[in-house]
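Chemist: The structure under discussion is supplied below as structure tokens; questions concerning it will follow.
Every number in this text was worked out from the coordinates using simple rules, so none of it is lab data. From a predicted model like this one, the values you see are computed outputs, not experimental measurements. Note that we place each Cβ from the backbone using ideal geometry, even for glycine, and neighbour counts take in every protein chain shown.
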Amino acid sequence: MNVMLNDHECHITCINSAQRGVLANLQLGYGLRFHKMLAERVGGTFKVIEDGDSWIINVHVPLHVEK
């Protein structure tokens, strides 16, 4: 897992190994669906992609800092 944070946003990348083609059968279960909803609720994105024998989750969340 890689987490990058600055004053304006947080970007999280998580990479897991998987058999080729597994993403085609992967559905957003409650956990993934819930986290996608949370990211989008605050204006972010939640994407799952397949890259060779790995699947990658990319999450981008804008930070709303009150001053």
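Chemist: Grab the other residues whose beta carbon is less than 13 angstrom from that of P62, score K and R as +1, D and E as -1, and report the net. Intermediate values should be presented prior to the final figure.
Modeler: Numbers: positive: R41; negative: D7, E9, E40.
Every neighbour counted, the sum reads -2.
Chemist: How large is ³J(HN,Hα) for each residue in segment 9-18, as worked out from phi by the Karplus curve 6.51 cos²θ - 1.76 cosθ + 1.60 (θ = phi - 60°), to whole Hz, x for Gly and Pro?
Modeler: 7, 10, 10, 10, 10, 10, 10, 10, 7, 7
Chemist: Among M1, M37, what is the fewest-to-most ranking by other Cβ atoms within 10 Å? Provide the component values of the computation, followed by the final result.
Modeler: On the way: M1 8, M37 11.
Lowest count first: M1, M37.
Chemist: I'd like the Karplus ³J(HN,Hα) series for segment 58-64: coefficients 6.51, -1.76, 1.60, θ = phi - 60°, whole numbers in Hz, and an x wherever there's a Gly or Pro.
Modeler: The phi angles translate into 10, 10, 10, 10, x, 9, 10 Hz.
Chemist: Let me ask you something else. Residue by residue through segment 49-54, which ³J(HN,Hα) values in whole Hz follow from phi under the Karplus form 6.51 cos²θ - 1.76 cosθ + 1.60 (θ = phi - 60°), with glycine and proline marked x?
Modeler: Each residue of segment 49-54 in turn: 10, 9, 9, x, 9, 10 Hz.
Chemist: Between L38 and A18, take the C-beta separation as r, use R0 = 25 Å, and let me know the FRET efficiency to the nearest 0.05.
Modeler: On the way: r = 23 Å, r/R0 = 0.94.
That pair, L38 with A18, gives E of 0.60.
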